[in-house]
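Peer 1: Got a structure for you, questions after.
Throughout, read-outs are computed from the coordinates displayed, never taken from laboratory work. In this text the structure is predicted, and so the values were computed from the model without any measurement. Please note: Cβ atoms are built from the backbone with ideal geometry, for glycine as well, and neighbour counts cover all protein chains shown.
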Amino acid sequence: MPDQHNQHIQLAEESIEKQTTTLNMGPTHPATHGIFENVLEIDGEIVLSSTQKLGYIHRAFEKIAERRPYGQIQPLTDRLNYCSSPINNIGWQLTVEKLLGLEMPKRVDYLRVIIMELARISDHLVCNSVVAVDTGALTPFTYVFQMRERIYEIYESVCGARLTTNIGRIGGFERNFTDETWSKLNEFMRLFPKSLEEFETLLNRNRIFMDRCIGAGKISAERALNYGFTGPNLRATGVDYDVRVHTPYSSYQDFDFKIPVGTVGDVYDRFMVRNGEMWESYSIIQQAIAKVKDLDPSIYHADVPAYYLPEKKEVYTKMEALIYHFKIVMGEIDIKAGEVYHPVEGGNGELGFYLISDGGRTPFRLHFRRPCFIYYQAYPEMIKNGLLSDAVIALSSLNVIAGELDA
Amino acid sequence: MSLTNEYIQGRLSEKFGTDVSDFEETFGIFSFNIKAEKNIQALQFLFEDNALGFQFLTDITAIHYPDRVAQELCVVYHLHNLVANKRIRMRLSVPIVQPDVNSATSLYSSANWMERETYDFFGVIFVGHPDLTRILNVDEMDYFPMRKEYPMEDPTRSDKDDAMFGR
């Protein structure tokens with residue numbers, strides 16, 4: 001079949017050969033950083049078109065959630081964007097709390113902010129250092145992963161887990177921050193600026209890195225909005241939409257921070273926006289630590305015994321605690337009917353929970369608005385007529401996480 | 001000028017008359033129902049009108065209500081005016097035997113996969129969609145798994161029903 005490309009390749013009329021090459025990038029490929037597939041049509045090194053295939057790790061969370069009591073849905077959210085699980089967990093808690101009309105004490109809000117911003121830092125560290133890896137610089141990756149390890153240790157001391165955290169509960173945290181948590185957090189706060197500065201020194205003005213990233217995987221603000229971009233990828237095009245500022249949740253209105261934006265929406269802008277956001281997250285954590293100091297250190301959950309799982313020692317000694325424990329575990333808490341959409345600013349953008357309750361013990365319908373799934377459809381347009389190697393860094397700078405694509 | 005619920009309701013009622021109904025605000029989001037055939041006109045009106053300006057499509061999904069006769073599938077659009085920071089929700093219902101809904105892909109590029117996902121799980125047919133194929137499930141699947149007639153576990157099992165918990 002004749003093609004407008006590679007006209008110099010003369011093929012016989014009946015030939016089954018093509019003038020272009022089909023290249024499978026994925027389902028398992030080092031450049032995809034997850035299980036999804038891109039089928040690229042390439043002419044030499046130029047990408048002419050591409051088709052995306054996803055669903056390789058689809059786990060039917062929305063269906064499973066229709067059979068789970070509210071507390072048991074939280075572990076499912078861990079596995080959406082697994083680079084920043086705590087944001088998903090807390091987003092789910094906030095959604096249910098909105099439906100139930102629960103008001104959190106300020107200290108719980110601030111502790112949640114600390115955890116969510118740590119998660120954002122670890123998410124952006126992974127994304128940005130992987131952009132560097134895909135441009136051929138492995139060193140920064142190994143450096144900043146020490147910081148990510150420290151963040152994971154903080155999660156571990158709060159909830160016992162590292163990657164799929166299941167941190168916090170509906171109504172607050174499962175336990176208070178211990179002295180060990182605080183000392184790990186303070187140590188992180190002491191070391192992180194130096195580490196991020198080092199990371200920026202290695203890359204931000206690095207000529208080779210800049211030449212690779214500037215102009216690659218571009219998208220205009222108008223197209224990005226039409227494609228439903230949110231989060232750092234939208235902000236890189238120059239649109240300052242941030243859920244934390246537009247629809248504050250968990251007392252984000254009490255914090256003073258900037259929204260870093262880019263100009264042209266290429267790989268370099270996305271990289272710089274994420275770096276800027278890490279500095280802002282760092283400043284938010286600093287402010288949160290200062291605010292928490294003035295509050296009663298014994299508060300780590302709201303006083304809502306009907307929804308918040310009581311402490312084990314009370315379950316063994318107090319009648320009410322035992323009753324509530326049983327009701328919560330068996331999914332027999334009173335949930336009113338209602339329709340809630342609650343967005344939070346996830347690592348990749350607006351993570352929305354659309355929850356419909358009919359008053360039963362499980363949601364009637366739960367839908368996750370996954371930012372990755374929505375903006376990844378712009379990928380063919382972003383890499384069209386670019387180099388294959390630009391397609392690789394465009395993919396990693398979009399931070400496409402398979403868990404969030406497939407739900 | 002701030003975008004109030006009353007203003008949006010007034011403009012929509014003026015434009016679509018009795019085709020829009022059930023205006024309500026739940027948990028901070030103003031929502032309404034629209035006649036299924038009018039969905040694209042409504043989206044376009046909300047998009048292009050200068051005062052309304054709902055130009056960001058947050059989400060499309062569907063809900064299956066098996067008890068609503070001839071209105072079983074409900075398609076939900078979440079729209080956002082980023083400038084005025086106002087969210088609205090538009091719902092429409094179609095019968096499960098003929099779940100045809102006009103596609104919003106000409107207005108929003110983002111609608112493409114959202115509609116494919118809704119088709120994949122609920123079988124809503126988006127008329128005018130460029131490539132209405134399954135996206136997350138396997139191509140060979142011959143049913144729409146998020147519909148309520150497909151229970152998660154063994155359908156004969158009753159120990160996890162609401163009835164067992166006094167509801």
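Peer 1: If you plug each phi of segment B:125-136 into the Karplus form 6.51 cos²θ - 1.76 cosθ + 1.60 with θ = phi - 60°, what whole-Hz ³J(HN,Hα) values come out, in order, with x for Gly and Pro?
Peer 2: Ordered by residue, 3J(HN,Hα) equals 8, 8, 6, x, 6, x, 7, 7, 10, 5, 10, 9 Hz.
Peer 1: If you don't mind, another one. Within 10 Å of each Cβ in peptide B:129-138, how many partner chain Cβ atoms are there on average? Round it to a whole number, please.
Peer 2: Taking all residues of B:129-138 together, the mean is 3.
Peer 1: Quick one: which of A:317-323, A:374-380 comes out on top by average Cβ neighbours within 10 Å, and what's the full order, highest first?
Peer 2: Going by the mean number of other Cβ atoms within 10 Å, highest first, we get A:374-380, A:317-323.
Peer 1: Taking the number of other C-beta atoms within 10 Å as the exposure measure, put B:Met141, B:Met146 in order starting with the fewest.
Peer 2: Starting with the residue having the fewest Cβ neighbours, the order is B:Met141, B:Met146.
Peer 1: Let me ask you something else. Taking θ as phi - 60°, what are the ³J(HN,Hα) couplings along segment A:329-340 by the Karplus curve (6.51, -1.76, 1.60), each to the nearest whole Hz, with x for Gly and Pro?
Peer 2: Working through the residues one at a time gives 5, 7, x, 10, 8, 6, 10, 8, 6, x, 10, 10 Hz.
Peer 1: So for A:Glu17, A:Glu381, A:Glu37, fewest C-beta neighbours within 10 Å to most, what's the order?
Peer 2: A:Glu17, A:Glu381, A:Glu37
Peer 1: Report ³J(HN,Hα) in whole Hz for each residue of segment B:103-115, in order, from the Karplus equation J = 6.51 cos²θ - 1.76 cosθ + 1.60 where θ = phi - 60°; Gly and Pro get x.
Peer 2: Once θ is set to phi - 60°, the couplings for segment B:103-115 become 7, 9, 5, 5, 8, 10, 5, 5, 5, 3, 6, 4, 6 Hz.
Peer 1: Could you estimate the translational diffusion coefficient of the protein assembly as shown from the Stokes-Einstein equation, with Rh from the Kirkwood formula over C-alpha pairs, at 20 °C and 1.002 mPa s, in whole µm²/s? Intermediate values should be presented prior to the final figure.
Peer 2: On the way: Rh = 25.1 Å.
D, rounded to a whole number, is 85 µm²/s.
Peer 1: Report Rg/Rh for segment A:214-307, rounded to two decimals, where Rg is the Cα radius of gyration and Rh the Kirkwood radius.
Peer 2: Rg/Rh: 1.13.
Peer 1: Additional query: Take the alpha-carbon centre of segment A:351-373, take the same for segment A:239-277, and report the distance between them in whole Å.
Peer 2: Measuring centre to centre over Cα atoms gives 25 Å.
Peer 1: May I ask you to sort A:Ser298, A:Ser183, A:Ser283, A:Ser50 by Cβ crowding, counting other Cβ atoms within 10 Å and putting the fewest first? Don't jump to the answer; show the numbers that get you there.
Peer 2: Values: A:Ser298 7, A:Ser183 11, A:Ser283 15, A:Ser50 19.
With the sparsest Cβ surroundings first, the list reads A:Ser298, A:Ser183, A:Ser283, A:Ser50.
Peer 1: Pick out which of A:Asp242, A:Asp43, A:Asp269 has the largest mean-square fluctuation in a Gaussian network model of chain A, springs linking Cα atoms closer than 10 Å.
Peer 2: Highest fluctuation among the options: A:Asp43.
Peer 1: Listed highest first by mean packing, meaning other Cβ atoms within 10 Å per residue, what order do B:52-62, A:128-138, A:56-66 come in?
Peer 2: Descending packing order for the listed peptides: B:52-62, A:128-138, A:56-66.
Peer 1: Tally Lys and Arg at +1 and Asp and Glu at -1 over the other residues with C-beta under 10 Å from the C-beta of A:Tyr241: what net charge comes out?
Peer 2: Numbers: positive: A:Arg235; negative: A:Asp240, A:Asp242, A:Glu345, A:Glu350.
Combined, the nearby Lys, Arg, Asp and Glu give -3.
Peer 1: Now for a different question. What are the residues whose amide H is under 5 Å from the amide H of A:Gly172, where those residues sit 5 or more places off or on another chain and H is modelled from the backbone?
Peer 2: A:Ala302
Peer 1: Go through A:Lys218/B:Lys15; A:Lys218/A:Lys291; A:Lys63/A:Lys98; A:Lys313/A:Lys336 and tell me which ones have a Cα-Cα distance over 32 Å in this structure.
Peer 2: Details: A:Lys218/B:Lys15 39 Å; A:Lys218/A:Lys291 40 Å; A:Lys63/A:Lys98 22 Å; A:Lys313/A:Lys336 30 Å.
Violating the 32 Å Cα-Cα cut-off are A:Lys218/B:Lys15; A:Lys218/A:Lys291.
Peer 1: Between B:Ala84 and B:Glu140, how many nm apart are label points set 7 Å from Cα along the C-beta direction?
Peer 2: 5.1 nm
Peer 1: For peptide B:58-65, what's the mean number of Cβ atoms from other chains within 10 Å of each residue's Cβ?
Peer 2: The mean count of partner-chain Cβ atoms within 10 Å per residue comes to 6.
Peer 1: Relative contact order of chain A, please, whole-number percent, based on alpha carbon pairs below 8 angstrom and at least 6 residues apart.
Peer 2: This gives 25 percent for chain A.
Peer 1: Cα centroid distance between segment B:2-79 and segment A:322-338, in Å?
Peer 2: Segment B:2-79 and segment A:322-338 have Cα centres spaced 34 Å from each other.
Peer 1: Hey, what did segment B:1-144 get for relative contact order, percent, Cα under 8 Å, at least 6 apart?
Peer 2: In percent, rounded to a whole number, it is 18.
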